[in-house]
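One structure is given here, and the rest of the page talks about it.
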Amino acid sequence: MPQPRVIAVGDGIAYEGPAGGRGSDGVLWKPWGLKPHQGEPLWAKVHGPRQRRAMRKHLCQVCGGPADRDEHGWLWLLEDQREEAGPKWPDGWLTAHPPVCQPCAPIAARHCPHLRRTGAVPVRVRDVVLDAAYGQRYYRGPLRPTAGERDVFLMTRWHRPWVVANQLAATLSGCTILDPAEVRIETPAPRTAGRR
Ligand SMILES: [Zn+2]
């Protein structure tokens, strides 16, 4: 799908055209041509509207059914960031990956490229705040705004005007790390240099 042009408006960016492209949430969402459930699931290329619906409604990232929930919260599989993020991880962590249901946890752990890279850590999440987005940051340029890095950004009043958002992201808190055996996913192999 051809993407509309990103232009500078006031203190930020918009799409060319009278509407400007911002949603009622004030976020500039990237337009997406395909309807949900059309085409093959592409693990590395997430369908924006489907992903956002899954985040809002706590749907499993694999089958689209309700994600698993118990008294400790929703079931999430996260990339292992313990070394980088320190002992509080994953409390306060941002993720653009929707939760999972029990039967799909092993499938997601095996097939999601992010999880395969570091090994999947199963986590129960009590509090999910949809306050962020994965997208591309733009910067003020001499003629037009210039495209910068792709990352997960908190939709603060500083970031919101400058990001073309593609996926809804959440801040996770009240987290409990589970034993991988509990959700029948394999314990990640020790990281070896040169191996993916
Ligand atoms: Zn599922």
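The values are calculated or read from the model by the stated rules, or taken from the named source; none is laboratory data. All values derive from a computational prediction rather than experimental measurement. A quick note on method: Cβ atoms are made from the backbone with ideal geometry, for glycine too, and the neighbour counts reach across all protein chains shown. Only protein heavy atoms, including side chains, enter the accessible area calculation; ligands, DNA and RNA are left aside. Shrake-Rupley method; radii C 1.70, N 1.55, O 1.52, S 1.80 Å.
For the chain, the per residue solvent-accessible surface stands at 58 Å², with DNA, RNA and ligands left out and a 1.4 Å probe. To the nearest 0.05, what FRET efficiency results for ARG184 and TRP158 with a Förster distance of 45 Å applied to their C-beta separation? Here the calculated transfer efficiency is 0.60. Helical runs (DSSP H, four residues minimum) scored at -39500 (n - 2.57) apiece and divided by the length of the chain put the mean residue ellipticity at 222 nm at -3500 deg cm²/dmol. Packing around the peptides 163-175, 121-133, taken as the average count of other Cβ atoms within 10 Å per residue, puts them in this order, highest first: 163-175, 121-133.
Using +1 at the Cβ of each Lys and Arg and -1 at the Cβ of each Asp and Glu in the chain, identify which of TRP158, ALA19, PRO90 lies farthest towards the dipole's positive end. Selected residue: ALA19. Over the chain, what is the relative contact order in whole percent, taking alpha-carbon pairs under 8 Å and six or more residues apart? Reported as a whole number, the value is 25 percent. Note that the range 6-183, at 37 °C in a medium of 0.692 mPa s, gets a Stokes-Einstein diffusion coefficient of 191 µm²/s from its Kirkwood radius over C-alpha pairs. Histogrammed with a bin width of 10 Å, the alpha carbon distances of the range 111-176 distribute as 19, 35, 31, 12, 3 percent, first bin at zero. Overall, the accessible surface of the range 88-155 at a probe of 1.4 angstrom is composed of carbon and sulfur to the extent of 53 percent. Remark: the ILE7-GLU84 segment gains 24.1 nm on full extension, using 0.36 nm per residue and subtracting the alpha carbon distance. Legend: calculated FRET efficiency, LEU143 to ASP25, from the Cβ-Cβ distance at R0 = 30 Å, rounded to 0.05, equals 0.55. For GLU16 and TRP32, the difference between the fully extended length at 0.36 nm per residue and the C-alpha to C-alpha distance is 4.1 nm.
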